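A.B. asks: I'd like to ask some things about the structure below.
The values are calculated or read from the model by the stated rules, or taken from the named source; none is laboratory data. Quick caveat, the model's predicted, so the values are computed rather than measured. Backbone-built Cβ (ideal geometry, glycine too); neighbour counts: all protein chains shown. In case anyone asks, the SASA skips ligands and DNA or RNA and just uses the protein heavy atoms, side chains included. Shrake-Rupley method; radii C 1.70, N 1.55, O 1.52, S 1.80 Å.
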Amino acid sequence: MTVPVKDDPVAHALVAFLKTKTRSDWPVDRDLFAEGGLTSLFAMELVVYLEKTFDVTIAGPDLQLANFRTVESMVALVHRLRAVDA
């Protein structure tokens with residue numbers, strides 16, 4: 001059974017991180033980059049945050065902007081990487 005993103009602890013942590021960093025609310029399906037909200041430099045900060053917070057390694061093909069566009073896509077990435085490591 002899959003947890004809905006709105007109830008997922010990874011999503012909650014990401015939304016809190018984004019709010020702290022940007023002082024804005026970020027719906028889980030909002031494109032963080034298309035609306036001028038964040039930069040590609042911030043994407044690298046997201047990579048470091050995800051790796052440290054969720055004990056995953058993001059490398060190679062996973063380092064594409066599509067994986068960081070929304071909270072939903074980052075939650076999916078974290079869960080997929082955790083499943084690979086399990």
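A.B. asks: May I ask you to verify whether residue 36 is of a type outside the set (S, T, N, Q), out of contact with any strand residue (DSSP E or B) (no Cβ under 8 Å at 6 or more places or on another chain), at pLDDT below 90 and at positive phi?
C.D. replies: Answer is yes for this residue.
A.B. asks: Sort out which residues of region 18-67 are closer than 28 Å to residue 84 by Cα and among the acidic types (Asp, Glu), and write them in order of number.
C.D. replies: Once the filter is applied, which keeps residues that are closer than 28 Å to residue 84 by Cα and among the acidic types (Asp, Glu), region 18-67 yields 29, 31, 45, 51, 55, 62.
A.B. asks: Test residue 84 against the criterion of being among the hydrophobic types (A, V, I, L, M, F, W, C), over 18 Å from residue 19 (Cβ atoms) and open to solvent by 80 Å² or more (accessible area, probe 1.4 Å), and give yes or no.
C.D. replies: Judged against the criteria, residue 84 is a match.
A.B. asks: Tell me which of these residue 67 doesn't satisfy, since it passes every other one: (1) over 20 Å from residue 26 (Cβ atoms); (2) without any contact (Cβ under 8 Å) to a residue 12 or more places away in the chain; (3) buried (at least 18 other Cβ atoms within 10 Å of the Cβ); (4) not β-branched (Val, Ile, Thr).
C.D. replies: So the condition that residue 67 fails would be (1).
A.B. asks: Which one of these does residue 50 not meet: (1) open to solvent by less than 40 Å² (accessible area, probe 1.4 Å); (2) closer than 11 Å to residue 69 by Cα?
C.D. replies: Residue 50 satisfies all of (1) open to solvent by less than 40 Å² (accessible area, probe 1.4 Å); (2) closer than 11 Å to residue 69 by Cα except (2).
A.B. asks: Give me a count of the residues in region 17-35 that are free of Cβ contacts under 8 Å to residues at least 24 places away in the same chain and among the aliphatic types (A, V, I, L, M).
C.D. replies: The qualifying residues number 0.
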